[in-house]
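Trainee: Have a look at this one.
The values are calculated or read from the model by the stated rules, or taken from the named source; none is laboratory data. None of these values were measured; they are calculated from a predicted model. A quick note on method: Cβ atoms are made from the backbone with ideal geometry, for glycine too, and the neighbour counts reach across all protein chains shown.
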Amino acid sequence: MRDLKTFLQKFMQNCQNVYEPHEDSELLLRCALREIREEDTVLEVGAGSGYVSYFLMDRCRFLIATDINPHAVRCMRELGIDCIRTDLAKGLKGKFSLILFNPPYLELEEWEKAGDWIEIALNGGKNGVEVAARFLVEIKELLSDDGRIILVANSHNLKHICREIERLGYHYEIVDRERLFFEELYGIRIKLKL
């Protein structure tokens, strides 16, 4: 049985220089737990600490995670998660029925940029949407025809993300939200328009 205490112990021991799970991670996990099916082949892109994958990997047929951060990859491997170090999903082949991504969604000011792995996990580029937009373009070939994507957005970039989703020929629905004192987070289910 996977439990939060075990995850947190392993995270504290093995996961320096890795984005810690926060409310956005909780939101993605909540959405994924409602969406996942036993027969799913799951890809979590930019999985960071592996928090979401850790609680999903026994609930589906197959799960693999990716991250560009070598510290995150090491952290996930310590948790028993199959993972690959790559930028988004570059180099992956096949089709996935469920793809998850909690993209960096902040637009950092120059003075906020530290040039480290945590910055990469936070900086979504202009309007906080550049990484998510690149993901939506690149992931299309990996999504099965009836597959679903769960993507996290926030109140600062939601309109930009929704515009990109529609422009790229997807259909979307907001399936969950989390209100924080400075923003609102959204779980978005995305499908191909058939």
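Trainee: For the stretch 87-102: of the residues being among the aliphatic types (A, V, I, L, M) and under 9 Å from residue 45 (Cα atoms), which is surrounded by the fewest Cβ atoms within 10 Å (Cβ to Cβ)?
Mentor: Of all residues in the stretch 87-102, those among the aliphatic types (A, V, I, L, M) come to 88-89, 92, 98-100.
Remaining after also requiring under 9 Å from residue 45 (Cα atoms): 88-89, 99-100.
Details: 88: 20, 89: 22, 99: 24, 100: 28.
The residue in question is 88.
Here's the yes/no breakdown for (1) over 28 Å from residue 144 (Cβ atoms); (2) modelled with pLDDT of 65 or more:
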position: 70; (1), (2): yes, yes
position: 79; (1), (2): no, yes
position: 82; (1), (2): no, yes
position: 89; (1), (2): no, yes
position: 95; (1), (2): no, yes
position: 100; (1), (2): no, yes
position: 109; (1), (2): yes, no
position: 117; (1), (2): yes, no
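Trainee: May I ask you to list the residues in the stretch 22-46 that are free of Cβ contacts under 8 Å to residues at least 40 places away in the same chain and either closer than 24 Å to residue 138 by Cα or not hydrophobic (A, V, I, L, M, F, W, C) (or both)?
Mentor: Residues of the stretch 22-46 that are free of Cβ contacts under 8 Å to residues at least 40 places away in the same chain, as a first pass: 22, 29, 33, 38.
Hits for the stretch 22-46 are 22, 29, 38.
Trainee: Exactly one of these conditions fails for residue 68: (1) in contact (Cβ under 8 Å) with a residue 40 or more places away in the chain; (2) touching a Gly at 6+ places or on another chain (Cβ under 7 Å); (3) more than 25 Å from residue 184 (Cβ to Cβ). Give me its number.
Mentor: (2)
Trainee: Is there any pair linking a residue in the stretch 1-21 that is more than 14 Å from residue 47 (Cα to Cα) and among the basic types (Lys, Arg) to one that is surrounded by fewer than 17 Cβ atoms within 10 Å (Cβ to Cβ) and at pLDDT 75 or above, with Cβ under 9 Å and at least six apart or on different chains, and which?
Mentor: 2/58; 10/78
Trainee: Can you tell me which residue within the stretch 126-167, out of those that are of a type in the set (A, V, I, L, M, F, W, C) and part of a strand (DSSP E or B), is surrounded by the most Cβ atoms within 10 Å (Cβ to Cβ)?
Mentor: Pass one, the stretch 126-167, residues of a type in the set (A, V, I, L, M, F, W, C): 129, 131-133, 135-137, 139, 142-143, 149-153, 158, 161-162, 165.
If we keep only those that are part of a strand (DSSP E or B) too, we end up with 143, 149-153.
Details: 143: 21, 149: 26, 150: 26, 151: 26, 152: 23, 153: 28.
Out of the qualifying residues, it is 153.
Trainee: Filter the stretch 25-48 for residues that are surrounded by fewer than 19 Cβ atoms within 10 Å (Cβ to Cβ) and in a loop (DSSP other than H, G, I, E, B); which is nearest to the chain's Cα centre (by Cα)?
Mentor: Among them, the one singled out is 37.
Trainee: Let me ask something else. Consider only pairs whose beta carbons are under 9 Å apart and that are at least six residues apart or on different chains; among these, list those whose first residue lies in the stretch 79-105 and is touching a residue at least 60 places away in the same chain (Cβ under 8 Å) and whose second residue is basic (Lys, Arg).
Mentor: The qualifying pairs are 79/10; 97/37; 97/61; 97/148; 98/37; 98/148.
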